[in-house]
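Handing you a structure now.
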Amino acid sequence: MRLKVKYRNSAYKPGSYAYSAPYNYYEGRVVLPKPKWLSENEFMLTTGDTVAPARILDKRDILEAWTGNDKYDDGVTFVPGDKRSYIVTRGNFGRYSCDCTSFGYRKWCNHINEVKKNVRVSSKRSNTSIG
């Protein structure tokens, strides 16, 4: 599900000299199934940002929320691994990155190969004509 959230900024201090907005907007795809390590009041939202591809938000700090188009591809995929889920992001010019140790050393990994394979399969299915 795609979601846009107006979220309370915990760094906002009224009357301070440093400027910060009282709230922020975040938009992305809700990660389902919910990771086990999140608390009951938290959920994960993919942002599509290469620096911070996912945000963990607390439901109690949401001021407003809107649902959007679920078919939007933000370039972030969660790949289940042996011990945890890995975050694979697609950046500019079709370059992929992963947060696993293997990608840190070799600049490629099996998680990226799995995502690329699934992208090719889904694009072939969408190009077939019914006739």
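The values are calculated or read from the model by the stated rules, or taken from the named source; none is laboratory data. Everything numeric in this text was worked out from a predicted model, so none of it was measured. Methodologically, a virtual Cβ is constructed for each residue, glycine included, from the backbone with ideal geometry; neighbour enumeration extends over all protein chains shown.
I need the full set of residues from segment 79-115 which are assigned to a helix (DSSP H, G or I) and at pLDDT 80 or above, in order please.
If the condition is that a residue be assigned to a helix (DSSP H, G or I) and at pLDDT 80 or above, then Thr101, Ser102, Phe103, Gly104, Tyr105, Arg106, Asn110, His111, Ile112, Asn113, Glu114, Val115 are the ones that fit.
Quick one: would you say Tyr26 is outside any loop (DSSP other than H, G, I, E, B) and aromatic (Phe, Trp, Tyr)?
yes
Tell me the residue from Trp37, Trp66 that is within 23 Å of Ile87 (Cβ to Cβ) and aromatic (Phe, Trp, Tyr), please.
Trp37
Quick check on my filter: what residues within segment 28-52 are in contact with a Ser or Thr (Cβ under 7 Å, 6 or more places away or on another chain) and either charged (D, E, K, R) or within 17 Å of Lys4 (Cβ to Cβ) (or both)?
Gly28, Arg29, Val31
One line per residue, one yes/no per condition, for (1) in a loop (DSSP other than H, G, I, E, B); (2) touching a residue at least 12 places away in the same chain (Cβ under 8 Å); (3) not hydroxyl-bearing (Ser, Thr, Tyr):
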| position | (1), (2), (3) |
| --- | --- |
| Lys4 | no, yes, yes |
| Lys13 | yes, no, yes |
| Tyr19 | yes, no, no |
| Leu32 | yes, yes, yes |
| Leu45 | no, yes, yes |
| Val51 | yes, no, yes |
| Leu57 | no, yes, yes |
| Arg60 | no, yes, yes |
